[in-house]
1. For a Förster distance of 35 Å, can you work out the FRET efficiency between the beta-carbons of residue 192 and residue 2, rounded to the nearest 0.05?
2. Modelling each spin label as a point 7 Å along the Cα-to-Cβ direction, I'd like the residue 81/residue 217 distance in nm, to one decimal.
3. Return the percentage of antiparallel bridges among DSSP beta bridges fully within the chain, rounded to the nearest 5 %.
4. Springs between alpha-carbon pairs under 10 angstrom, Gaussian network model over the chain: which of 110, 267, 208 fluctuates most?
5. Looking only at 109, 188, 272, which one moves most when the chain is put into a Gaussian network model with springs between Cα atoms under 10 Å?
6. Using θ = phi - 60° and the Karplus relation 6.51 cos²θ - 1.76 cosθ + 1.60, list the HN-Hα couplings for segment 53-60 in order, rounded to whole Hz, with x at every Gly or Pro.
7. For segment 225-283, what relative contact order do you get, as a whole percent, if you take Cα pairs closer than 8 Å and at least 6 residues apart?
8. Can you compute the label reach from residue 121? Point 7 Å from Cα along the Cβ direction, backbone N cut-off under 20 Å, restricted to segment 165-185.
Amino acid sequence: MAIVEVADLRKEYGGFPAVEGSSFSIERGEVFGVVGPNGAGKTTTLKMLAGLVEPSGGSATVVGHEPGEPAMQRRLGFLPEESPLYEEMTAIEYLTFFADLYDVAADVARDRIDGTLDRLDLEHRNRRIGNMSKGMKRKVAIARALVNDPDVLIFDEPASGLDPLTTNYIIEFTRELSEDGKTIVFSAHNLFHVESICDRIAVMNDGRIVARGTIEEIREAHGGTEYHVYATADGSHGDGLGEIEVARENGRVRHVVSEMSDVETIREIVEADDGRVTDIQTKTPTLEEIFLEIASTSDSDGEAEA
Ligand SMILES: Nc1ncnc2c1ncn2[C@@H]1O[C@H](COP(=O)(O)OP(=O)(O)OP(=O)(O)O)[C@@H](O)[C@H]1O
């Protein structure tokens, strides 16, 4: 059974549909990304999974329990988009306080907190949180989400607003957590990060999931790979060629096809005309390009499973 199961999950705020019927499941050990423009419903979805927002309809289970049940809370770590910390406490005091709330034995808590802060490379652990930089505070918030050694981590924009170095550090750390066997649900605006660490993603727009699958599946469903074949002659007039786009560029003919077999056919036609293929380029759309296409073309008909 999947470790996270979501079926037709919905949330309305005073009649406004923030999330309209989301469905997905996440397998143990996966890194699952939730992406989408501002206001798409990502945070609302994650908060419903974490048991912090009551759904208006549908269902969700995390490690077999409904969100909010104590048995589920013990196995979940949630990092909110903005996490107010107790500014008067030091990092160690704060994390020890939360470990205690989770009934973690004092010696286990001490080792776990030290270990996590070492891995996060957090210096000045005995500095008041109020005097820490934004990046340090984010690391403390991440360590807090790990204090109960959870199976499932929900990270809402873990690296938003941080400098590139700290951002990379946090993304790499998230990857390591996945290698440790944690299941991670992760929302982010930086699609490069999403592409680099997520096994599967859901793209949300206007409260709906409009695409879902591995990045490769989504890429295939939204354009896929294109081959640009440059030649000294036009090779587009053969039989059996798929959809083909032809343009003349600097005395060369550029053929755009999506099948590798068409590349070979074009080469044969060009060579039969005493021409030659001068270059073949493979163009793979970035997640950013796909995302822009999905966001601009998706309508209220909703989800397209990749
Ligand atoms: N407590 C609330 N009361 C009323 N409306 C809300 C509330 N929380 C969220 N919304 C609305 O629900 C929609 C989805 O918000 P949500 O925060 O889930 O989006 P998001 O995808 O996380 O956006 P962002 O990327 O900007 O964080 C938005 O239109 C938002 O204004």
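1. On the way: r = 27 Å, r/R0 = 0.78.
Once rounded, the FRET efficiency stands at 0.80.
2. The modelled label-to-label distance comes out at 2.7 nm.
3. Working: 37 of 56 bridges.
Of the beta bridges lying entirely in the chain, close to 65 percent run antiparallel.
4. 267
5. Looking only at 109, 188, 272, the largest GNM fluctuation is found for 272.
6. Values per residue, Gly and Pro as x: 10, 6, x, 8, x, x, 9, 8 Hz.
7. Numbers: 117 pairs, mean separation 30.1, N = 59.
Reported relative contact order: 51 percent.
8. Under 20 Å, as judged by backbone N against the label point of residue 121, lie 165-180 of segment 165-185.
FYI, it's all coordinate maths here, none of it is from the lab. Note that the structure is a prediction, hence the values are computed from the model and not measured. Note that we place each Cβ from the backbone using ideal geometry, even for glycine, and neighbour counts take in every protein chain shown.
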